Amino acid sequence: ISVVCIAGYRGDGKTCEDVDECADDDSNACAELATCINNVGSYTCQCPADHPAGDGMVGGTGCRCVEDSLRLVGGYTLGRIEICKNGEWGTICSDGWDNTDAGVACRQLGFKAEGATSGTVGYGGEGSGKILLRYVQCSGSESKLVDCPAQEVDGWCVHSEDATVTCDVDECAEGIDECVAEATCINTHESYTCQCPPTHYGDGMTGGSGCVLGSCTANELRLVGGSTDHEGRLEMCRDRQWGTICDDDWDNINSNVACRQLGFGDSGMSDNLS
């Protein structure tokens, strides 16, 4: 009995085994931008994230960007702004490009419109291919850049004039901060801070000092290294850590205040620095 293998398999007349069509470009019909993924008995063509539309196939719809969508080239929150037209990415001329236009672009990209800034080339460098729009004139209320009046480029722009944007992202809300679990993420313009609780000290950062449980309270004083409990090196608590005090301009008046805080009164105090 001779075994006949179905499409996607090959055999020796006795058994069949899967054919890896992705191992050889001539064995699959994936478009240039698509990634071939082998399946048992078949394969699929997967389009990349920046060209998600289409079936990924040569002779099919290929891989195309989503019409009128935007992307940033060069960074997560800043870079050259590009728009999709007719399935291809192209740049925007910076003629007339301002912060209001940048705000609408950032809103469409999922960031805040507030705090967005416009620019030319810079981060992300010059683009290539078509320059699609110029003199974009947004009012600031639009949800998409395509809703703003604009002109098609008539040959007067070059890629050294490609428009850029910088979007102000709320890292805390996005969950992309590097604060440790004990710290509170506080968003600031174009950045954020990690605040440790009052009982801890440190920078609150993963990969930094984190938040370490402290052993003292703010501005608390103590004496260290003395032969009795009412003498020694004076130390103060800051950021839940003990530290020393420089003796520049340190005198008996300062010593009296320190001793009063320590509960010893202020008579007969000495600022012995030895």
Could you grab the relative contact order for the chain? Cα pairs under 8 Å, six or more apart, rounded to a whole percent.
10 percent
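If you average 1/r over all unlike Cα pairs in the stretch 62-140 and invert the result, what Kirkwood radius do you get in angstrom?
12.7 Å
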So the carbon and sulfur contribution to the accessible area of the chain, 1.4 Å probe, in percent, is 48 percent
Keeping every protein chain present and rolling a 1.4 Å probe, give me the accessible area per residue for the stretch 28-133 in Å².
46 Å²
Quick shape check on the stretch 182-245: root eigenvalues a ≥ b ≥ c of the Cα gyration tensor, a/c under 1.5 is rounded, otherwise prolate if a/b tops b/c, else oblate, and it reads prolate
Total formal charge among the other residues, if their Cβ is under 14 angstrom from that of Cys45, Lys/Arg +1 and Asp/Glu -1
-3
Considering only C-alpha atoms, what is the centroid distance from the stretch 195-255 to the stretch 48-111, in Å?
53 Å
Show me 158-166, 46-54, 69-77 ranked by packing, highest mean number of other Cβ atoms within 10 Å first.
158-166, 69-77, 46-54
Checking rank on 241-250, 256-265, 90-99, with mean other Cβ inside 10 Å and highest first, the result is 90-99, 256-265, 241-250
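For Arg10 and Glu126, what is the calculated FRET efficiency with R₀ set at 45 Å and r taken between the beta-carbons, to the nearest 0.05? Could you put the intermediate results ahead of the total?
On the way: r = 49 Å, r/R0 = 1.08.
For Arg10 and Glu126, the calculated efficiency is 0.40.
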May I ask for the percentage of alpha-carbon pairs in the stretch 108-258 that lie more than 24 Å from each other?
61 percent
Ranking request for peptides 103-116, 132-145: highest mean number of other beta-carbon atoms within 10 Å first, then the rest in descending order.
103-116, 132-145
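If you add up the charges near Glu126, with Lys and Arg at +1 and Asp and Glu at -1, over every other residue whose beta carbon is less than 14 angstrom from its beta carbon, what do you get?
Values: positive: Arg80, Lys130; negative: Glu82, Glu161, Asp162.
Charge balance in the 14 Å sphere: -1.
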Rounded if a/c under 1.5, otherwise prolate or oblate - the stretch 39-178, Cα gyration tensor axes:
oblate
What is the log10 of I(q)/I(0) for the stretch 10-50, computed with the Debye formula using one identical point scatterer on each Cα and no solvent, at q = 0.21, 0.29 Å⁻¹?
-0.66, -0.97
Cα pair distances exceeding 15 angstrom across the stretch 110-172, given as percent:
60 percent
With N set to the residue count of the chain, report its C-alpha Rg divided by 2.2 N^0.38 Å to two decimal places.
1.76
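The values are calculated or read from the model by the stated rules, or taken from the named source; none is laboratory data. What you see is a predicted model, and the numbers here were worked out from it, not measured in a lab. Cβ coordinates were reconstructed from backbone atoms using ideal geometry, including for glycine residues, and neighbour counts include every protein chain displayed. Accessible surface areas use protein heavy atoms only, side chains included; no ligands, DNA or RNA. Shrake-Rupley method; radii C 1.70, N 1.55, O 1.52, S 1.80 Å.
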